[in-house]
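The values are calculated or read from the model by the stated rules, or taken from the named source; none is laboratory data. Computed from a predicted model, the values in this text were never measured in an experiment. Here the Cβ is made from the backbone with ideal geometry for all residues, glycine too, and neighbour counts use every protein chain on show. Accessible surface is based on the protein model in full, side chains and every heavy atom, while ligands, DNA and RNA are left aside. Shrake-Rupley method; radii C 1.70, N 1.55, O 1.52, S 1.80 Å.
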Amino acid sequence: MTSPLSARTSGRVTFRLGVPPVSGVLRPRLLAICVTLAVATLLVFCLGISVGDIPLSITDVVRALAGTGDPGTLLIVQELRLPRALAGLLVGIAFGISGALFQTMTLNPLASPDMIGITQGAGAAVVAGIVLGWDAGPSTQLLGLSGALLAALLVYVLAWKRGTTGYRIVLVGIGISWICTSATDYLMAHGGQFEAQAALGWLTGNLNGRGWGQVGPLATAMAVLVPAALLLGRWIRTLQLGDDVATSLGTPVQRVRLATLLTGVGLVAFGTAAAGPVAFVALAAPQIAKRLAGTAWPPPVASGLTGALAVLSADLIARKLIPGTELPVGVVTGVLGAPVLLWLLVRANRVGSGG
């Protein structure tokens, strides 16, 4: 039996085992950040469930989540408040991981789904369903997925020139986002008052009234897409070395880009269908996680946890900021995320390389 070998270099611990034949790299700082974010997310998750017309203690919430407690508390927690909290948790994870995928693939901190047309494509499709009255037609999830996939397909095809590059994807994506936004505005202007109000409430990004009907499809999709995103991680990071170097290392560059695009689109499409286009989470969460972890790229797991913490915290603020009024969560993330966008733009301008 070969004894395990390990070495520590620049914040990383490499290890190699003889039996079983396993080797890898551990990053203690990244691991610590993920654990800290997970604990903070769990605390805010429970705190959000405790807030409402009938306030509950954190202890009561934990007991109800475990299936114990009086019937009234179980009803409030498991049936009335848990779906909303789970929707916020899953939407934040989906947006955070999707943003990390796009930013790593394109080597651009501004290349998030809500900056390159993916979110706007999903939004335009869902608004079309609301305004045009397709109540008996496709579900919100199917409409959102179809719109996001169509927008992504347009971006990929229009950016193709003997292959795609991150730079072209970003430029074309910005154009597609404005086309989708214009289409949404047109639908809103020509829709009825009731339909326009419903669409406007959804477009802001909202967790109010979310139930198991929104949580179920999102959880099912993430059970497939999140592992796919993590498996793509190693190949995506080789793209940072340039297409030629990545190809020499055995990375199928164009297939990896396409798979990454489809995975990221799926995550943001189902997240958008569940809660609307919650602003700036996919943009800011990966950059915050990257700086917390001290890595050269946005780490997917930390980005997802950061996104979940951001959405749950913003929802809690939205419910408590104005007594008696529940603001849409997208209003709070927009206010908090705008300074992050301005900071990224200033930084990109200073270094002259897009970040």
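With Thr260, Thr238 as the choices, which residue is open to solvent by 10 Å² or more (accessible area, probe 1.4 Å), among the polar types (S, T, N, Q) and either modelled with pLDDT of 85 or more or not in a loop (DSSP other than H, G, I, E, B) (or both)?
Working: Thr260 fails: open to solvent by 10 Å² or more (accessible area, probe 1.4 Å).
Just one listed residue meets the conditions, Thr238.
Name the one entry in Ser112, Ser98 that is assigned to a helix (DSSP H, G or I), of a type in the set (S, T, N, Q), in contact (Cβ under 8 Å) with a residue 40 or more places away in the chain and within 30 Å of Ala296 (Cα to Cα).
On the way: Ser112 fails: assigned to a helix (DSSP H, G or I).
Exactly one of Ser112, Ser98 is assigned to a helix (DSSP H, G or I), of a type in the set (S, T, N, Q), in contact (Cβ under 8 Å) with a residue 40 or more places away in the chain and within 30 Å of Ala296 (Cα to Cα), namely Ser98.
Looking only at region 24-43, decide whether some residue is in a strand (DSSP E or B) and surrounded by 12 or more Cβ atoms within 10 Å (Cβ to Cβ). So that I can check it myself, show each step before the final result.
Residues of region 24-43 in a strand (DSSP E or B): 24-26.
Remaining after also requiring surrounded by 12 or more Cβ atoms within 10 Å (Cβ to Cβ): 26.
Within region 24-43, one or more residues are in a strand (DSSP E or B) and surrounded by 12 or more Cβ atoms within 10 Å (Cβ to Cβ).
Where residues in region 289-312 are more than 14 Å from Ile93 (Cβ to Cβ) and in a helix (DSSP H, G or I), which of them is most open to solvent (accessible area, probe 1.4 Å)?
Of region 289-312, the ones more than 14 Å from Ile93 (Cβ to Cβ) are 290-297.
So of that shortlist, the ones also in a helix (DSSP H, G or I) come out as 290-293.
Working: Lys290: 49, Arg291: 91, Leu292: 70, Ala293: 6 Å².
Taking the candidates together, the pick is Arg291.
For Trp178, only one of the following conditions fails: (1) over 26 Å from Leu90 (Cα atoms); (2) under 21 Å from the mean Cα position of the chain (by Cα); (3) open to solvent by less than 40 Å² (accessible area, probe 1.4 Å). What is its number?
(3)
Would you be able to say whether some residue in region 207-217 is farther than 25 Å from Thr333 by Cβ, touching a residue at least 12 places away in the same chain (Cβ under 8 Å) and open to solvent by 40 Å² or more (accessible area, probe 1.4 Å)? Can you show your working first?
Pass one, region 207-217, residues farther than 25 Å from Thr333 by Cβ: none.
No, region 207-217 has no match at all.
Would you check which residues across region 326-355 are surrounded by fewer than 20 Cβ atoms within 10 Å (Cβ to Cβ), modelled with pLDDT of 75 or more and assigned to a loop (DSSP other than H, G, I, E, B) and list them?
Answer for region 326-355, where residues must be surrounded by fewer than 20 Cβ atoms within 10 Å (Cβ to Cβ), modelled with pLDDT of 75 or more and assigned to a loop (DSSP other than H, G, I, E, B): Glu326, Leu327.
If you take the residues of region 241-255 that are open to solvent by less than 70 Å² (accessible area, probe 1.4 Å), free of Cβ contacts under 8 Å to residues at least 40 places away in the same chain and touching a Ser or Thr at 6+ places or on another chain (Cβ under 9 Å), which of them is farthest from Lys161 (Cα to Cα)? Spell out how you get there, then give the answer.
Restricting attention to region 241-255, the residues satisfying the condition of being open to solvent by less than 70 Å² (accessible area, probe 1.4 Å) are 242-243, 245-246, 250-254.
With the extra rule that they be free of Cβ contacts under 8 Å to residues at least 40 places away in the same chain, the set shrinks to 242, 245-246, 250-252.
Subset that is touching a Ser or Thr at 6+ places or on another chain (Cβ under 9 Å): 245-246, 250-251.
Details: Val245: 19, Ala246: 18, Gly250: 22, Thr251: 19 Å.
Checked region 241-255; the qualifying residue farthest from Lys161 (Cα to Cα) is Gly250.
Would a scan of region 61-68 turn up a residue that is modelled with pLDDT of 90 or more, under 25 Å from the mean Cα position of the chain (by Cα), part of a helix (DSSP H, G or I) and buried (at least 19 other Cβ atoms within 10 Å of the Cβ)?
No, every residue in region 61-68 fails to be modelled with pLDDT of 90 or more, under 25 Å from the mean Cα position of the chain (by Cα), part of a helix (DSSP H, G or I) and buried (at least 19 other Cβ atoms within 10 Å of the Cβ).
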